[in-house]
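Report on the following structure.
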Amino acid sequence: MVDVLEALPVFGLLLALFLAAGWLFARVRMRRSRSPVRGLNYLLNEDPDPVPDADDATVEVTEATLDGHLARASELRRRGDIDRALRLHQHLLARPVLHGPARARVELELARDYLAAGLLNRAESLLAVLVQRDDALRRAALEALLELHQRERNWAAAADAARELAAGGAADVSRTLAHHLCELGEEARRRSDLTTARQLLAGALEQDPRCVRASLLSARLEFAGGHYRDAAAACRRVHEQDPRFLPEVLPLLVAAHHELGTDRDLLHFLATAGVAAPAGARAGHDAASRTGAYACDACGFSGPVLQWQCPACKTWGSIAPQAGRAED
C-alpha cells in the first residue's frame with residue numbers, strides 16, 4: 001500500500017507530461033498551418049491540407065503550381081468530394097494571375113465538377129464558352145458537353161456535339177452518333193413521323209454500318225407499316241451485323257415471312273444460320289431474354305434487359321445477348 005502511495009506522484013508527473021506533449025503537438029501543427037482554422041481542421045478531421053477559401057491569399061497559385069492544384073481537385077472529385085473540388089477550382093479562378101489557356105483549364109474542370117454535382121445549367125454555361133476555343137481544350141469541352149446532353153436526353157444537341165467532334169478529327173464517335181440518331185428515330189416514330197424516322201435510321205447506318213439497333217428499329221417500323229419484305233430484310237441484316245442478336249428478331253422474321261407466304265425462304269435462311277424453326281425462334285428468344293442473359297463486351301456488366309448504352313461504362317452498343325449465360 002505504501003509503495004502505491006509513493007508511486008502516485010510519479011504517475012501524476014507522467015500524466016502531466018503526456019498532456020503537455022499533446023498540447024505542444026497541437027500548437028506546432030497549428031503554427032505550421034496557414035491559419036488557426038486550418039490547424040483546427042487538421043485536429044478535427046486529420047486533414048493536413050484543407051481546401052483554401054477563395055479569398056485566402058496565402059496559398060500560392062501560379063501557372064507553375066497549377067498542375068498540382070488541378071490534380072488534387074481531380075482526385076477529390078474522383079473520391080466523390082465534389083464540394084471541396086468545387087471550392088478549390090473557385091479559389092483558383094479567384095486569383096488574378098491565371099490567364100488564357102491556364103484559366104480555361106480551370107473553367108473546364110469546374111464544369112466537370114458541376115456535371116458531377118448534377119448542376120447541368122452551370123456546366124453548360126461554362127462549356128458553351130469553352131467550345132468556341134480553337135485549341136486542345138475544345139475537344140475536351142465538346143466531350144463534356146456531349147455527356148451533358150446525353151444526361152439531359154437532348155439527342156439533337158448530343159448529335160450536334162458528336163458531329164463537331166467527328167469534324168475535329170475524333171475517330172471514336174461514329175457509333176455514339178448512330179445511337180443518337182436511333183434515339184431521334186424512335187422519337188419520330190412515336191409522333192407518327194415515319195418518313196423522318198426512316199431517314200434518321202438510314203443516317204444511323206451510314207454512321208455505323210454495324211449498328212444492330214438501327215436495323216432492329218427499321219424491322220419493327222416496316223413490319224408495323226405492312227412492309228413485310230423490308231422488315232424481313234432488316235431482320236436478316238441484324239444477323240449479318242451480329243449473329244448474337246438473331247434471337248431478338250426471330251419472332252419478327254417468322255411473322256414477316258408468314259405474311260409474305262415465303263416460309264421456304266425462311267427455312268433456308270434459318271438452316272444457313274444454324275437455327276431450328278419455327279419453334280426454335282421462340283426458344284431462342286426465351287434463352288436470350290432470361291435474367292443475366294445480356295452482357296457488356298466492354299466492361300462485363302450484365303443484366304436481365306437489353307440496354308443500348310451500358311449503365312456501368314457508358315459505352316454505346318456494347319451490350320449483347322449472351323446465349324447460355326446466367327448471372328453469377
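Using beta carbons and a limit of 7 Å, which pairs, at least six apart or on different chains, have the first residue in region 305-317 and within 11 Å of Ala295 (Cβ to Cβ) and the second one surrounded by fewer than 16 Cβ atoms within 10 Å (Cβ to Cβ) and not aliphatic (A, V, I, L, M)?
Close Cβ pairs satisfying both conditions: Cys310/Cys299; Ala312/Cys299.
For Ser218, which of the numbered conditions (1) over 23 Å from Ala178 (Cα atoms); (2) in a helix (DSSP H, G or I) fails to hold?
(1)
Do you know which of the residues in region 186-227 that are among the hydroxyl-bearing types (Ser, Thr, Tyr) and surrounded by fewer than 19 Cβ atoms within 10 Å (Cβ to Cβ) is nearest to Ala166 (Cα to Cα)? So that I can check it myself, show each step before the final result.
Residues of region 186-227 that are among the hydroxyl-bearing types (Ser, Thr, Tyr), as a first pass: 192, 195-196, 215, 218.
Then drop every residue that is not surrounded by fewer than 19 Cβ atoms within 10 Å (Cβ to Cβ), which leaves 192, 195-196.
Numbers: Ser192: 30, Thr195: 26, Thr196: 23 Å.
So the residue we want is Thr196.
Only residues in region 221-236 that are under 17 Å from Ala202 (Cβ atoms) count as the first member; pair them with residues that are in a helix (DSSP H, G or I) and among the hydroxyl-bearing types (Ser, Thr, Tyr), Cβ under 7 angstrom, at least 6 apart or cross-chain, and list the lot.
So the pair list comes out as Ala234/Ser215; Ala234/Ser218.
If I go through region 131-165 residue by residue, how many of them are within 13 Å of His180 (Cβ to Cβ) and among the acidic types (Asp, Glu)?
4
Search region 144-163 for residues that are under 23 Å from Val106 (Cβ atoms) and pair each with any residue that is among the hydrophobic types (A, V, I, L, M, F, W, C) and outside any helix (DSSP H, G or I) when their beta-carbon atoms are under 7 Å apart and the residues are at least 6 apart or on different chains.
Close Cβ pairs (under 7 Å, with a partner that is among the hydrophobic types (A, V, I, L, M, F, W, C) and outside any helix (DSSP H, G or I)) amount to Leu145/Val131.
If you scan region 52-88, which residues turn out to be hydrophobic (A, V, I, L, M, F, W, C) and modelled with pLDDT of 85 or more?
Initial filter on region 52-88 (hydrophobic (A, V, I, L, M, F, W, C)): 54, 57, 59, 61, 64, 66, 70-71, 73, 76, 82, 85-86, 88.
The answer is Leu66, Leu70, Ala71, Ala73, Leu76, Ile82, Ala85, Leu86, Leu88.
Considering only region 293-325, state which residues are among the aliphatic types (A, V, I, L, M), in contact with a Cys (Cβ under 7 Å, 6 or more places away or on another chain) and farther than 16 Å from His179 by Cβ.
Of the residues in region 293-325, the ones among the aliphatic types (A, V, I, L, M) are 293, 295, 298, 305-306, 312, 319-320, 323.
Now restrict to residues that are in contact with a Cys (Cβ under 7 Å, 6 or more places away or on another chain): 298, 312, 319.
If the condition is that a residue be among the aliphatic types (A, V, I, L, M), in contact with a Cys (Cβ under 7 Å, 6 or more places away or on another chain) and farther than 16 Å from His179 by Cβ, then Ala312 is the only one that fits.
The values are calculated or read from the model by the stated rules, or taken from the named source; none is laboratory data. Computed from a predicted structure; not experimentally measured. Cβ atoms come from the backbone with ideal geometry, glycine included; neighbour counts cover every protein chain shown.
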